[in-house]
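Here's the structure we're looking at; comments come further down.
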Amino acid sequence: MSEEPKQSSFRITDRRGQAKEEPTPLVQPSAKREPESPPRQEAKKEPRKEPHGDEYPSIDFSTFVVSMSSSALIHMGLVKDPHTGHADKNLPLAKQEVEILTMLEEKTRGNLSKEEKRLMDEVLYELRIRFVEAARTP
């Protein structure tokens, strides 16, 4: 008995190069080319305005660290929540905020200015001490 090769139930046809029209590119080339923008410079520190007129401070590294630490203090129950007016403890969230700041410290090591490093060190030290105290009190 001789074995014959089995026929495949489907057929593959290479149609590359047989297309009648070129596919439409995802990005249309423009007639005029925009000049390249100059290197990005430090943003000016101006307060942002929301549509309803409230002003917020510009965001930089220090503002971000202070914001995270404020959030941690609120979760520790040491500062009243500005939205509710109550000082409620949520230690798991407070711990998470401290861990996020610790991770940020590790990932930015060697890339911070002296002032930013000092701020990060002082904030983390203070938050860790206060977390231990908050965890001890009911």
> If you check LEU112, LEU73, which single one turns out to be at pLDDT below 95, within 23 Å of the chain's Cα centre (by Cα) and in a loop (DSSP other than H, G, I, E, B)?
Replying inline: LEU112
>> Just to be sure I understand the filter: pairs with C-beta atoms under 7 Å, separated by 6 or more residues or on different chains, first member in the range 114-132 and farther than 20 Å from LYS89 by Cβ, second member aromatic (Phe, Trp, Tyr). Which pairs pass?
In response: GLU116/PHE61
>> Whether any residue in the range 66-84 is of a type in the set (D, E, K, R) and surrounded by 15 or more Cβ atoms within 10 Å (Cβ to Cβ) is what I want to check.
In response: no
>> I need a count of the residues in the range 95-107 that are loosely packed, with under 14 Cβ neighbours inside 10 Å and among the β-branched types (Val, Ile, Thr).
In response: 1
> Name the residues in the range 71-109 that are among the small types (Gly, Ala, Ser) and more than 20 Å from THR137 (Cβ to Cβ), would you?
Replying inline: GLY85
>> For the structure I just gave you, tell me whether LYS107 is among the charged types (D, E, K, R), within 13 Å of PHE61 (Cβ to Cβ), without any contact (Cβ under 8 Å) to a residue 40 or more places away in the chain and part of a helix (DSSP H, G or I).
In response: yes
>> Quick check on my filter: what residues within the range 85-96 are in a helix (DSSP H, G or I) and in contact with a His (Cβ under 6 Å, 6 or more places away or on another chain)?
In response: LEU93, ALA94
> Do we find that THR63 is in contact with a Pro (Cβ under 8 Å, 6 or more places away or on another chain), hydroxyl-bearing (Ser, Thr, Tyr) and outside any loop (DSSP other than H, G, I, E, B) in this structure?
Replying inline: yes
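The values are calculated or read from the model by the stated rules, or taken from the named source; none is laboratory data. Nothing here was measured: the structure is a model prediction, and the numbers come from that model. Note that each Cβ is placed from the backbone with ideal geometry, even for glycine, and that neighbours are counted across all protein chains shown.
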